[in-house]
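Here's the structure we're looking at; comments come further down.
The values are calculated or read from the model by the stated rules, or taken from the named source; none is laboratory data. In this text the structure is predicted, and so the values were computed from the model without any measurement. Glycine also receives a Cβ, built like all others from the backbone with ideal geometry; neighbour counts cover every protein chain displayed.
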């Protein structure tokens, strides 16, 4: 049975739209900065730690830090008139035009080099003079605890339990009701900095950051990283922004890649489909890495391979679908009943119960990514041979079982078609490596097993009356994961069954021909996924539609769909997990690695296919 959401303790508040948030991060955690100048989400010291600002999932009483033009009490904070990322960096510039002048705020988190996490906010006068207010209201433990705030040696400390926040600025301030307030006037050509540093409460105070040096070093880090990217095709700006975002979701010390930096942003406003994505899904991380690999990111490939070997190497037979950043296996799911949720969408969850699910597609994604790294000369498979062979054996022993599927449904296991095809793909890619002399395996046995899986899928998952594969054996429903068929090579690109499947999924799951839903939900009753209600269109699936159209010879049509999807990005080029065409809003955790990598991979594929189509055939 589905657990009912807890009672709302605070009246629902209409938060800014999910796409109103910018991402800044230091490759170990990330903050979400709203267009009104408020930091409403920040976990410290890393992605999966408790949030010190959790207003995103409740109200201001759950923690925020707002810097912006002063307004009278009770008047909503004004939205910035303009904002952008500075060049190819993760530094956000927001500008407000007021009656007395224009002011700019820079938000950044410097990558850590011998120091803890720091959030730096620089206020610059552009024209005239503007009265500004900074209100820092930390609430540690996901908005539950008011810290002890005090001044010491010209610095402000906020301490609660194991956490200590240190605020440094040249502006005099006051403390009232658990918040630190600064009010000042900024004039053209003048700047004022605020820096917030986290430190364990038992440790001595951190050093006061050198703001100018931090700004210079942060800018140089991101510009240098982006300069190595080798993509030079169409849509370069959205591709580079996507790749920078994916890099920001990597955890530098371990090489793990989180699915998103947030938890419980709803897939339906007011609904219960709210999940914690601050972990490393093997599938998501592998596919994210494929986008980075195709654009020249070698360092990330090596780091992820090392993470994978540390995490799975000793016990790949007890495979989990996700792990914590450091490879730990435990992430019990619980509900934070003091948080009402984004726009009243409860429950708010931390941890993820899907960790115990069986998802048979995972070995296929991992092996495919390792094979790609091998082909590109980044991470030779001779060094991961044992892991690949163990994953192949895992497939051999488990492929006949029903599983929980790619979407982590909680409505019972089935023989999901996508899972079976990915088992086939795991064997297929291993066979290719064996044929190249990389793997030492019984090739005949693998070829035979691959053929057996192929025959069973074609016999049990194909509906000849509708000319389409279905979501699971014996089902009449469709599933967007079937759009991956052209990518896998399971059938030739011109096979009528494959083309029929792409067309059927588009017809039944994408009513507008562009925005694709994962699978049918009726919005009223508990569906096959074990949950009530509906959800938005899944953006990754929409990019899968682009790829499927392109790979089945409809390149112009694919480019048209892709360009429509680009219009859904926020003004900063970011995408959440889903999109609601009715309200024209982004939904789900933000930014979502899946959506950003879908954009990058589709752009790369379209560029490659367009180049191939334009290459003249030379007569022999």
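Just a few scattered comments:
- Restricting the search to strands (runs of 3 or more DSSP E) fully inside the stretch 57-164 and requiring at least 1 residues that are over 25 Å from the mean Cα position of the chain (by Cα) gives 64-69, 92-97, 101-108, 118-137, 148-152, 155-160.
- Condition check for residue 519: out of contact with any strand residue (DSSP E or B) (no Cβ under 6 Å at 6 or more places or on another chain), closer than 29 Å to residue 430 by Cα and in contact (Cβ under 8 Å) with a residue 12 or more places away in the chain: no
- Residue match in the stretch 212-235 (condition: touching a strand residue (DSSP E or B) at 6+ places or on another chain (Cβ under 6 Å), closer than 25 Å to residue 51 by Cα and assigned to a loop (DSSP other than H, G, I, E, B)): no
- Residue ID - surrounded by the fewest Cβ atoms within 10 Å (Cβ to Cβ), chosen from residues in the stretch 26-73 that are without any contact (Cβ under 8 Å) to a residue 40 or more places away in the chain and in contact with a helix residue (DSSP H, G or I) (Cβ under 6 Å, 6 or more places away or on another chain): 34
- Unmet requirement for residue 203, which otherwise passes all of (1) within 20 Å of residue 46 (Cα to Cα); (2) touching a strand residue (DSSP E or B) at 6+ places or on another chain (Cβ under 7 Å): (2)
- Close pairs (9 angstrom Cβ cut-off, 6 or more residues apart or separate chains): in a helix (DSSP H, G or I) in the stretch 596-620, surrounded by fewer than 10 Cβ atoms within 10 Å (Cβ to Cβ) and at pLDDT below 95 anywhere: 607/232
- Residue satisfying all of: in the stretch 20-47; under 19 Å from residue 576 (Cβ atoms) and outside any strand (DSSP E or B); farthest from the chain's Cα centre (by Cα) among these: 36
- Residue check for residue 497: within 28 Å of residue 272 (Cα to Cα), outside any loop (DSSP other than H, G, I, E, B) and free of Cβ contacts under 8 Å to residues at least 40 places away in the same chain: no
- Among residues of the stretch 476-516, those that are farther than 19 Å from residue 414 by Cβ, within 24 Å of the chain's Cα centre (by Cα) and buried (at least 18 other Cβ atoms within 10 Å of the Cβ), counted: 4
- Considering the conditions (1) in the same structural domain as residue 52 (by TED's automatic domain parsing); (2) modelled with pLDDT of 95 or more, residue 204 is excluded by exactly one of them, (2).
- Residue 258 assigned by TED's automatic domain parsing to the domain that holds residue 578, on the phi < 0 side of the Ramachandran plot and free of Cβ contacts under 8 Å to residues at least 60 places away in the same chain: no
Let's see how each residue does on (1) surrounded by fewer than 19 Cβ atoms within 10 Å (Cβ to Cβ); (2) within 20 Å of residue 184 (Cβ to Cβ); (3) assigned by TED's automatic domain parsing to the domain that holds residue 262:
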position: 75; (1), (2), (3): yes, yes, no
position: 100; (1), (2), (3): yes, yes, no
position: 120; (1), (2), (3): no, yes, no
position: 126; (1), (2), (3): yes, yes, no
position: 133; (1), (2), (3): yes, yes, no
position: 142; (1), (2), (3): no, no, no
position: 152; (1), (2), (3): yes, no, no
position: 156; (1), (2), (3): no, yes, no
position: 162; (1), (2), (3): yes, no, no
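- Among the candidates 482, 478, 443, residue that is under 23 Å from residue 290 (Cβ atoms) and touching a helix residue (DSSP H, G or I) at 6+ places or on another chain (Cβ under 6 Å): 482
- Matching residues in the stretch 535-583 - criterion: being in a loop (DSSP other than H, G, I, E, B) and more than 20 Å from the chain's Cα centre (by Cα): 552, 553, 554, 581, 582, 583
- Taken over the stretch 202-226, the criterion of being more than 24 Å from the chain's Cα centre (by Cα) and surrounded by 17 or more Cβ atoms within 10 Å (Cβ to Cβ) is satisfied by 206, 209, 211, 214, 215.
- Of all the numbered requirements in (1) at pLDDT 95 or above; (2) farther than 29 Å from residue 244 by Cβ, residue 260 misses one, and that requirement is (2).
- Cβ-Cβ contacts under 6 Å between residues 6 or more apart (or on different chains), taken from a first residue in the stretch 314-338 that is in the same structural domain as residue 255 (by TED's automatic domain parsing) and more than 23 Å from residue 399 (Cβ to Cβ) to a second residue that is part of a helix (DSSP H, G or I) and modelled with pLDDT of 95 or more, are listed as 336/142.
- Entry remark, the stretch 322-339: residues being in a strand (DSSP E or B), in contact with a helix residue (DSSP H, G or I) (Cβ under 7 Å, 6 or more places away or on another chain) and more than 18 Å from residue 283 (Cα to Cα) number 0 in total.
- Residue 395 in the same structural domain as residue 289 (by TED's automatic domain parsing), modelled with pLDDT under 90 and within 28 Å of the chain's Cα centre (by Cα): no
- Members of the stretch 236-274 that are in a loop (DSSP other than H, G, I, E, B), surrounded by fewer than 23 Cβ atoms within 10 Å (Cβ to Cβ) and under 15 Å from the mean Cα position of the chain (by Cα): 251
- Residue 333 vs. criteria touching a strand residue (DSSP E or B) at 6+ places or on another chain (Cβ under 8 Å) and surrounded by fewer than 19 Cβ atoms within 10 Å (Cβ to Cβ): yes
- Matching option when the condition is at pLDDT below 95, closer than 24 Å to residue 409 by Cα, touching a helix residue (DSSP H, G or I) at 6+ places or on another chain (Cβ under 9 Å) and in the same structural domain as residue 406 (by TED's automatic domain parsing), among 519, 579, 473: 519
- None of 384, 417 is within 27 Å of the chain's Cα centre (by Cα) and farther than 27 Å from residue 300 by Cβ except 417.
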